[in-house]
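Engineer: Input: one structure, supplied below.
A short reminder: the numbers here are calculations on the coordinates, not readings from a lab. Owing to the predicted nature of the structure, the values given are computational and were not obtained by experimental measurement. For neighbour counting, all protein chains shown are included, and Cβ atoms are generated from backbone atoms with ideal geometry for every residue, glycine included.
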Amino acid sequence: MSEQHDVLIIGGGTAGITAAAQLLQQEAAPKITIVDPSQTHDYQPIWTLVGGGVFPREVSRRAMAEVMPRGVSWIRDRVTAFNPEKNEVQTEGGKQLVYNELIVAPGIQLNWDAVKGLPDAINKGGVCSNYGYDKVAYTWETIQAFQGGNAVFTFPATPIKCAGAPQKIMYLAEETFRRRGIREQANVTYASATASIFGIPKYAQALDKIIEERDIQTQFSKNLVEVRPDTREAVFRDVNGAEELVLEYDMMHVTPPQSAPDFVRKSPLADGAGWVDVDKHTLQHNRYRNVFSLGDASSLPCSKTGAAIRKQAPALVENVVAFRASKPLLGHYDGYASCPLVTGYGKVILAEFGYDGVIMETFPFDQAQERYSMYALKAYGLPNLYWHGMLQGRM
Ligand code: FAD
């Protein structure tokens with residue numbers, strides 16, 4: 001069955017809903033259809049604080065029907081393939097959707113099975129993760145149940161969404177251990193495939209100091225390749241060679257390897273690494289001119305965050321509108337992303353930067369310092385701005 005659509009958006013997550021809401025506000029707004037099989041929409045950034053016991057996971061979730069902008073048609077189906085030569089996508093439900101313009105925003109794929117033993121180990125036996133609504137509650141359970149020993153926090157050898165998240169939860173856990181009087185009995189280790197604590201030197205310096213003050217051990221260039229729940233061992237391989245490191249754990253927070261979704265990776269829209277191949281400033285596809293992409297599934301060489309999408313969406317919308325009117329694409333995305341680095345309860349370093357690590361701070365003070373005001377922004381301000389501003393096309 002073939003259906004004709006005007007602007008078709010794949011994915012009703014942060015990127016898809018924000019782009020749709022902004023498009024609807026344009027003069028001569030196009031007809032918009034969003035394809036997404038999910039009945040729910042999650043505000044994932046708050047999972048750091050859910051894992052740290054500040055909020056219940058329910059605060060992160062709304063019904064998809066509630067966040068769908070009025071006037072958008074929603075097809076509850078999963079896209080399985082793209083045929084950009086024919087301006088067509090296929091769905092699991094057997095539909096062929098034909099479009100004038102396509103916006104691809106299905107997010108990033110979590111590859112739990114890329115680590116041997118992880119699919120069976122996760123969510124029990126002290127192996128937890130903030131990466132998933134179905135998992136995040138167990139993180140806080142695990143931190144509370146920890147009685148001392150080795151607490152390990154991992155970061156994989158792939159791009160991930162929110163590169164700060166794997167360490168934010170570590171700072172919350174470490175503070176909890178201190179508050180509970182068991183810090184002396186705990187070894188806290190950050191075992192990461194990255195070469196340093198954070199990619200932007202200004203914030204890395206501040207984080208290195210915190211790590212030292214809190215007596216956190218680091219293992220850099222170490223990629224988690226296997227979990228052995230029976231012996232409570234985590235096996236890491238050095239990213240620069242074959243050298244192996246085995247750490248015993250009493251609790252472990254795992255950030256899973258991630259990639260472009262398989263149906264994107266295998267499609268003609270993908271670049272060599274699997275992401276939707278778009279121009280890093282205009283967000284237009286490099287080969288198929290009526291295709292655009294934003295968010296985690298795109299090839300944009302920025303930090304994969306909701307904050308980045310906030311700045312991508314206006315550029316993309318301006319360019320989709322211009323493209324439809326056969327005008328030059330003047331919308332320009334500069335790579336802006338932000339990462340509220342939660343370094344404790346009531347403490348945040350607000351990292352803000354653009355392409356090539358250019359610092360792009362909002363506030364007139366040194367944002368590399370831990371501040372309560374930035375924590376309040378993260379915990380209370382940004383969630384409100386998300387639900388009532390960004391998803392309504394207001395910012
Ligand atoms: P998503 O929001 O993940 O949405 C993708 C949508 O596509 C989903 O609704 C899905 O159902 C749909 N979809 C998938 N496959 C298909 C298909 N085949 N067909 C149709 N639809 C499909 N960002 C920040 O800015 N600040 C933070 O502090 C922060 N912290 C984070 C902490 C954690 C623990 C996590 C997990 C994320 C965090 N993020 C943070 C990242 C942020 O949540 C993501 O970058 C953002 O949600 C990406 O938006 P997206 O629309 O690209 O993908």
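Engineer: What is the stretch 311-375 by shape, rounded, prolate or oblate, if you read a ≥ b ≥ c off the alpha carbon gyration tensor as root eigenvalues and call it rounded for a/c under 1.5, prolate for a/b larger than b/c, and oblate otherwise?
Structural biologist: Details: a/c = 4.12, a/b = 3.02, b/c = 1.37.
The shape class here is prolate.
Engineer: Still on this structure, please answer the following. With point charges of +1 on the Cβ of Lys and Arg and -1 on the Cβ of Asp and Glu, referenced to the Cα centre of the stretch 110-258, which listed residue (Val227, Gly125, Ile200) lies farthest in the positive direction of the dipole?
Structural biologist: Looking along the dipole axis, the top candidate is Ile200.
Engineer: Binning at 10 Å from 0, report for the chain what percent of all alpha-carbon pair distances ends up in each bin.
Structural biologist: 5, 23, 32, 24, 13, 3, 0
Engineer: Nearest 20 debye, what's the magnitude of the dipole of the stretch 110-258 about its Cα centre given +1 on Lys and Arg Cβ and -1 on Asp and Glu Cβ?
Structural biologist: Working: 16 positive and 19 negative charges, 94 e Å.
About 460 debye.
Engineer: Over the chain, what is the percentage of antiparallel beta bridges among all DSSP beta bridges, to the nearest 5?
Structural biologist: Values: 36 of 71 bridges.
Expressed as a percentage, antiparallel bridges in the chain total about 50.
Engineer: Could you point to the residue in Leu245, Ala273, Phe55 farthest towards the positive end of the chain's charge dipole, with +1 and -1 charges on the Cβ of Lys/Arg and Asp/Glu respectively?
Structural biologist: Towards the positive end, the residue furthest out is Phe55.
Engineer: Given the C-alpha centroids of the stretch 101-142 and the stretch 232-301, what is the distance between them in whole angstrom?
Structural biologist: Taking the Cα centre of the stretch 232-301 as reference, the centre of the stretch 101-142 is 15 Å away.
Engineer: Something else: List the trypsin sites (Lys or Arg not before Pro) within the stretch 43-120 that DSSP assigns to loop and that have no more than 12 neighbouring Cβ atoms inside 10 Å.
Structural biologist: On the way: sites: Arg57, Arg61, Arg62, Arg70, Arg76, Arg78, Lys86, Lys95, Lys116; in loops: Arg70, Arg76, Arg78, Lys95.
Taking the stretch 43-120 and a limit of 12 other Cβ atoms within 10 Å, the loop trypsin sites (Lys or Arg not before Pro) found are Arg70.
Engineer: To the nearest 20 debye, what is the magnitude of the charge dipole of the chain about its Cα centre, counting +1 on the Cβ of each Lys and Arg and -1 on the Cβ of each Asp and Glu?
Structural biologist: Values: 39 positive and 43 negative charges, 160 e Å.
Dipole of the chain, to the nearest 20 debye: 760 debye.
Engineer: Nearest 20 debye, what's the magnitude of the dipole of the stretch 38-84 about its Cα centre given +1 on Lys and Arg Cβ and -1 on Asp and Glu Cβ?
Structural biologist: On the way: 6 positive and 4 negative charges, 13 e Å.
Rounded to the nearest 20 debye, it is 60 debye.
Engineer: Quick check of the Kirkwood formula: for the stretch 28-109, what is the inverse mean of 1/r over all pairs of different Cα atoms, in Å?
Structural biologist: Numbers: mean 1/r = 0.0672 Å⁻¹.
This gives a value of 14.9 Å.
Engineer: Using only the Cα atoms of the stretch 110-258, what are the Rg and Dmax in Å?
Structural biologist: So, for the stretch 110-258, Rg and Dmax equal 14.2, 41 Å respectively.
Engineer: If you average 1/r across every pair of different Cα atoms in the stretch 270-320 and take the reciprocal, what Kirkwood value do you get, in Å?
Structural biologist: Values: mean 1/r = 0.0932 Å⁻¹.
For the stretch 270-320, the Kirkwood estimate is 10.7 Å.
Engineer: Quick one: if you stick a label point 7 Å off each Cα along the C-beta vector at Thr40 and Glu85, how many nm between them?
Structural biologist: My value for the distance between the label points is 4.1 nm.
Engineer: To continue, here is another question. I'd like to know which of Ala165, Trp112, Ser2 lies farthest towards the positive end of the charge dipole of the chain, counting +1 on Cβ of Lys and Arg and -1 on Cβ of Asp and Glu.
Structural biologist: Ser2
Engineer: Rank the residues Ser38, Ser338, Ser221 as a footprinting-exposure proxy: fewest other Cβ atoms within 10 Å of their Cβ go first. Could the numbers behind the result be given before it?
Structural biologist: Details: Ser38 12, Ser338 22, Ser221 19.
So the residues, fewest neighbours to most, are Ser38, Ser221, Ser338.
Engineer: Okay, moving on. Below 18 Å Cα-Cα, how many Lys pairs turn up in the stretch 110-258? Only count pairs eight or more apart in sequence, or on different chains, if you could. List each step's numbers first, then the result.
Structural biologist: Numbers: Lys116/Lys124; Lys116/Lys222; Lys124/Lys135; Lys135/Lys161; Lys135/Lys168; Lys168/Lys202; Lys168/Lys209.
Step by step, the pairs that qualify in the stretch 110-258 add up to 7.
Engineer: Among Asp262, Asp296, Asp279, rank each residue by its count of other Cβ atoms within 10 Å, from fewest to most, as a rough exposure measure. Present the calculation step by step, with values, prior to reporting the outcome.
Structural biologist: Working: Asp262 12, Asp296 28, Asp279 16.
Listing Asp262, Asp296, Asp279 from fewest to most nearby Cβ atoms yields Asp262, Asp279, Asp296.
Engineer: While we're looking at this one, here's another question. For the stretch 110-258, what proportion of DSSP beta bridges, expressed in % and rounded to the nearest 5, is antiparallel? Don't jump to the answer; show the numbers that get you there.
Structural biologist: On the way: 13 of 29 bridges.
Within the stretch 110-258, antiparallel bridges account for around 45 percent of the total.
Engineer: Here's another thing I want to ask about it. Averaging the inverse of every distinct alpha carbon separation and then flipping it gives the Kirkwood radius. What is it for the stretch 217-320, in angstrom units? Each step should come with its number before you reach the end.
Structural biologist: Working: mean 1/r = 0.0611 Å⁻¹.
Mean inverse Cα-Cα distance, inverted, gives 16.4 Å.
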